[in-house]
Amino acid sequence: MIVKTKKLVLLEDFGMYAMKSIVLICIALSTILSAAQEDNEALLEAKRQANNFVFEGNEKIQGEDYVAAEMEYRKAISEEQSNVSGIYNLGTAYYKKGNFEESLYRLQEAANKATDRAEKHKAFHNIGNILMQNKKCKEAVEAYKNALRNDPSDEETRYNFGLAKECAKEQEEQNQNNDDNQDDNQDQNQDNQDQNQDQNQDNKDQDNEDKQDEGEDKDQDKQDEGDQDKDQGDQDENEDGKPKDDKQDPGEGDQDKKEQPQQPKPQQGQMSPQQIKNLLEAMNNQEQKVQEKINAEKQKGERVKTDKDW
């Protein structure tokens, strides 16, 4: 009997433990369900409030009060951050105010958060419109493509898509022409630079030639001066190459008179044969020098005027 009593006690303890566990589980589930229900109610309430703010913002938009509409849309986003309508309409309000940069940001945010194809279509369509306003035709083509993927039946989107493609083509051709013009300008600048370098080199070479010719002219002038001095010295010498001496030794004079026949004295106003001979030689020498100078100048390609000394 004692053993049976112990088994009964053990069974009763296990039953008590199981009952307590079940009760605790039920309480926990009830708490979780209650919290979940409260969360759902809070989400529903936030969604309801956000929709109300969106509705108020839409009325402000109808009255063209864009500042007040922006405030209402911001309240909607604050209540429910995933409220696509509030984000999209806020972007639209910015667009109508002319703030294209902020509008583009909000519409891209709406396109990323939207789960409905219709919402995505509207967001991408307006993104394309903003890009066209900013002359970003190539990017607008991609935006309209995304809009048509979500609603291929929208004729307005398809029309805008065609305009964006034509605009992108014109911009590409214009950029190509600008690149060609830039290349032409670079080639022209390079040609001008090469031409200037060649001209500078030619000027430098011409300066060097002029300096060389000037040096040769100076050397020729010095040589001519030396030749004139030499001619003057030759005129002062007699036939034997000795300096003339007007005063002769009396003895030598007598000896010359004995050895040579007496020559007639030149009369006053007439030149002696020796003087005439010397004068002719000097003239011939001078003429030869002048002719050499003329020939030298002709070799340089320059025309030289000369004046006779006699």
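Data for the structure
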quantity: Scope segment 130-146; condition surrounded by 12 or more Cβ atoms within 10 Å (Cβ to Cβ) and either of a type in the set (Lys, Arg) or farther than 20 Å from Gln108 by Cα (or both); matching residues; calculated: Lys136, Lys138, Lys145
quantity: Yes/no for Glu170 being under 30 Å from Gln108 (Cα atoms), charged (D, E, K, R) and over 34 Å from the mean Cα position of the chain (by Cα); calculated: no
quantity: Qualifying residue in segment 78-95 (condition: charged (D, E, K, R) and closer than 24 Å to Gln171 by Cβ); calculated: no
quantity: Considering residues of segment 285-303 that are farther than 15 Å from Glu209 by Cα, open to solvent by 90 Å² or more (accessible area, probe 1.4 Å) and within 58 Å of the chain's Cα centre (by Cα) only, the residue modelled with the highest pLDDT; calculated: Lys298
quantity: Count of residues meeting criterion [open to solvent by less than 40 Å² (accessible area, probe 1.4 Å) and over 36 Å from the mean Cα position of the chain (by Cα)] in segment 89-105; calculated: 6
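One line per residue, one yes/no per condition, for (1) outside any helix (DSSP H, G or I); (2) touching a Gly at 6+ places or on another chain (Cβ under 9 Å); (3) open to solvent by less than 90 Å² (accessible area, probe 1.4 Å):
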position	(1), (2), (3)
Leu148	no, no, yes
Ser153	yes, no, yes
Glu156	no, no, no
Phe161	no, yes, yes
Glu166	no, no, no
Glu170	no, no, no
Gln174	no, no, no
Asp194	no, no, yes
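The values are calculated or read from the model by the stated rules, or taken from the named source; none is laboratory data. Quick caveat, the model's predicted, so the values are computed rather than measured. Positions of Cβ are generated from backbone atoms using ideal geometry, with glycine treated the same way; all protein chains shown enter the neighbour counts. Side chains included, ligands, DNA and RNA excluded: accessible areas come from the protein's heavy atoms. Shrake-Rupley method; radii C 1.70, N 1.55, O 1.52, S 1.80 Å.
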